[in-house]
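Accompanying notes for the structure given below.
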Amino acid sequence: MRHFLTLGDLSKEDILQILDLAIEIKDCFLQNRPTPHRMENKILAMIFEKNSTRTRVSFEAGIYQLGGMGMFLSSKDIQLGRGEPIRDTARAIGSMVDMVMLRTYAQERLQEFAQYSPVPVINGLSDLFHPAQLLTDYLTMIECGIYLTDRKYSSPHIGIPKVAYIGDGNNMANSWLMLASKLGFELRIASPEGYMPNANILAQALEFAQTSGAIIHLSHSPQEAIKDANVVTTDTWISMGQEDEKEMRQKAFQNYCIDDKLMALADKNAIFLHCFPAYRGQEVSENVLEGSQSRVFKEAQNRLHTQKGIMVWLHKNR
């Protein structure tokens, strides 16, 4: 049984297979041609312990477009929210559907759900990882000509892509570590002291990097991280559940806003990515988010096609 819980569980070949599927599925979608990759009458249960906009819409629309059905389940409406053991929910729901997407506060809950689930489980976001978003970001990079030379992908004018992640060392930073270390590109993370990525995940990424050749650099300097970068990305400083830390975090991150001055240090053809929701004037300026280098809405739309690729790949590998 294959699950999609963290990119650390996947090989480079697995990741590229999913991206190949996403590219093919998107091409069919844009040309209004039926995709050969279908999930007729398959049911995706979508369990949300944490609220969402893009995750719900993209998964629900995606499974419909593949010929299946999406079932929205809020933790407020099912027994899981009333304290039912995860293993019981996993085995019961898994006996009635074909696949489960879980968006949760804790990676441990996701891991336990997958352990007992008789069907594939997808991480729709957890406290530690957001892997579907990272494959979406890499698909967006490919479409913008920024990628590694591998298989049918060829980007000789870029060489090894340089990605700068500036901001909170959260689930997005952790997921960038996994993607970079699996594929082998250069990742520079700049976070304030006390807000660096998870130490265990960093150690795992450095171990993967020994095989892939990835270059990983951490610092407290946004200017150092962004210099000549091909991709610049960030995330909100205050994630869901951290509202009580708002004032403290805004103070810690006050020099980490990606504005025109900082963006000017990147490669002249660099693109800007953001997984949303974005807070203008905090982690990114209005000018950068809405500027000519921003690809955030292409990126947001790519969630639909990347997640169709994930679902099809899991279905094929059951």
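The values are calculated or read from the model by the stated rules, or taken from the named source; none is laboratory data. Small disclaimer: the values here were computed from a predicted structure and weren't measured. Please note: Cβ atoms are built from the backbone with ideal geometry, for glycine as well, and neighbour counts cover all protein chains shown.
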query: With respect to I63, is the statement that it is aliphatic (A, V, I, L, M), in contact with a strand residue (DSSP E or B) (Cβ under 8 Å, 6 or more places away or on another chain) and at pLDDT 95 or above true?
result: yes
field: Some residue of segment 122-132 being at pLDDT 95 or above and in contact with a His (Cβ under 8 Å, 6 or more places away or on another chain)
entry: yes
Answer from R109, R103, R56 - the residue that is closer than 16 Å to H130 by Cα, buried (at least 21 other Cβ atoms within 10 Å of the Cβ) and among the charged types (D, E, K, R): R103
- request: Identify all residues within segment 89-105 that are modelled with pLDDT of 95 or more and either out of contact with any helix residue (DSSP H, G or I) (no Cβ under 9 Å at 6 or more places or on another chain) or assigned to a helix (DSSP H, G or I) (or both); write none if there are none.
  value: A90, R91, A92, I93, G94, S95, M96, V97
query: Which condition does P34 not pass, out of (1) of a type outside the set (S, T, Y); (2) modelled with pLDDT of 95 or more; (3) over 19 Å from D127 (Cα atoms), if it passes all the others?
result: (2)
message: Just to verify a result, which residue in segment 17-53, among those that are assigned to a helix (DSSP H, G or I) and more than 22 Å from the chain's Cα centre (by Cα), is surrounded by the fewest Cβ atoms within 10 Å (Cβ to Cβ)?
response: L30
